[in-house]
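Asks: Submitted below is the structure of interest, expressed as structure tokens.
The values are calculated or read from the model by the stated rules, or taken from the named source; none is laboratory data. Predicted, not measured: the structure shown is a model, and the values here were computed from it. Cβ atoms come from the backbone with ideal geometry, glycine included; neighbour counts cover every protein chain shown. Note: accessible area is taken over every heavy atom of the protein model, side chains too, but ligands, DNA and RNA are not part of it. Shrake-Rupley method; radii C 1.70, N 1.55, O 1.52, S 1.80 Å.
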Amino acid sequence: MKTKITTVNYHLWKACNMRCKFCYATFQDFTDFKLPKGHLDCEQSKQLISLLFTAGFEKINFAGGEPTLCPWLPELVIYAKSIGFKTSIVTNGSKILEDENYLKRFDGKLDIVGLSMDSIDNDTNMISGRAIRGKIVLTQDDYSLIVGRVKSESIYLKINTVVSSKNAAENMGYFINAIAPNRWKILQMMKVEGQNDKYGAEFTIENILFKNYIERNTRYLNPHIKVIEEPVEIITGSYIMINPEGVSSMIQKVSILIVRRYWK
């Protein structure tokens, strides 16, 4: 008997402006993927969101790629909220940095921003590919500005950190204390066939290194910051992911498929 999962990750957009080598949502296995035909349009996405809500999901994470590159993301979030979803986006923060008014487009209907931040060391981010076009990293000051803009809109802030061989020895806890997110999710880098095969082996880490990172980074962490630890064994099978293209040919079947496969 599987545990009831109430959150669905909708990867609505393959394109990304960063080149993270460890990313396990690249969708490179879709060889015929061509934008803009490789994803659902705005109205099709709304149909899918409605089906997901009817299936019983309570929270929807809009992810990518980089979802803020999708022009109609704010409209989808507003729609999802209007039918009863708790709404969230998972972003690298570049659009929020670029446009100080970007978050206002969500008209107060965005509940959570999940900000992907693996390191505040510029060299580490460059090596990892956590950089715009693989060339421009976000600095510590950039991340502070992004956080400030999220908080100014009274949006719940979650930091997502992937721990890999490149940042496993670092201590980012002091910076997390300084920006004071509501939650810090720390994930162990996971190799996924068809997604990050090229660099997967280079970036994976042993369980002991992941545990050491958590211990080091949370030792003096403010207790008001909720920490979520996600080693590989928890990540695997814990998420329901809807990809940008795969649902387009089965949009009318998706709710039945989800109910049969993932619910009690």
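Asks: Sort out which residues of the range 128-139 are surrounded by fewer than 16 Cβ atoms within 10 Å (Cβ to Cβ) and closer than 20 Å to Asn177 by Cβ, and write them in order of number. Full working, then the answer.
Replies: The first filter runs over the range 128-139 and keeps only residues surrounded by fewer than 16 Cβ atoms within 10 Å (Cβ to Cβ), leaving 133-136, 139.
Listed by number, the list holds a single entry, Thr139.
Asks: Out of curiosity, is Glu66 surrounded by fewer than 17 Cβ atoms within 10 Å (Cβ to Cβ) and modelled with pLDDT of 95 or more?
Replies: On the way: surrounded by fewer than 17 Cβ atoms within 10 Å (Cβ to Cβ): no; modelled with pLDDT of 95 or more: yes.
Judged against the criteria, Glu66 is not a match.
Asks: A follow-up question, please. If Lys37 meets every condition in (1) open to solvent by 40 Å² or more (accessible area, probe 1.4 Å); (2) within 30 Å of Ser119 (Cα to Cα); (3) at pLDDT below 90 apart from one, which number is that one?
Replies: Condition (2) is where Lys37 drops out.
Asks: Met241: in a loop (DSSP other than H, G, I, E, B), exposed (fewer than 15 other Cβ atoms within 10 Å of the Cβ), at pLDDT below 95 and on the phi < 0 side of the Ramachandran plot, yes or no?
Replies: Details: in a loop (DSSP other than H, G, I, E, B): no; exposed (fewer than 15 other Cβ atoms within 10 Å of the Cβ): yes; at pLDDT below 95: yes; on the phi < 0 side of the Ramachandran plot: yes.
So Met241 fails the test.
Asks: Does Asn167 count as open to solvent by less than 20 Å² (accessible area, probe 1.4 Å), out of contact with any Cys (no Cβ under 6 Å at 6 or more places or on another chain) and without any contact (Cβ under 8 Å) to a residue 24 or more places away in the chain? Working first, answer last.
Replies: Values: open to solvent by less than 20 Å² (accessible area, probe 1.4 Å): yes; out of contact with any Cys (no Cβ under 6 Å at 6 or more places or on another chain): yes; without any contact (Cβ under 8 Å) to a residue 24 or more places away in the chain: no.
Here the answer is no, as Asn167 does not meet what is asked.
Asks: Report, by residue number, each residue of the range 113-127 that is among the aliphatic types (A, V, I, L, M) and open to solvent by 10 Å² or more (accessible area, probe 1.4 Å).
Replies: First pass over the range 113-127, keeping only residues among the aliphatic types (A, V, I, L, M): 113, 115, 117, 120, 126-127.
Scanning the range 113-127 gives Ile120, Met126, Ile127.
Asks: Okay, moving on. Just checking, does the range 50-61 include any residue being surrounded by 17 or more Cβ atoms within 10 Å (Cβ to Cβ), under 30 Å from Glu170 (Cα atoms) and of a type in the set (Phe, Trp, Tyr)?
Replies: No; the residues of the range 50-61 include none that is surrounded by 17 or more Cβ atoms within 10 Å (Cβ to Cβ), under 30 Å from Glu170 (Cα atoms) and of a type in the set (Phe, Trp, Tyr).
Asks: Identify the single condition in (1) open to solvent by less than 30 Å² (accessible area, probe 1.4 Å); (2) modelled with pLDDT of 95 or more; (3) not in a loop (DSSP other than H, G, I, E, B) that Ala178 does not satisfy, given that it satisfies every other one.
Replies: (1)
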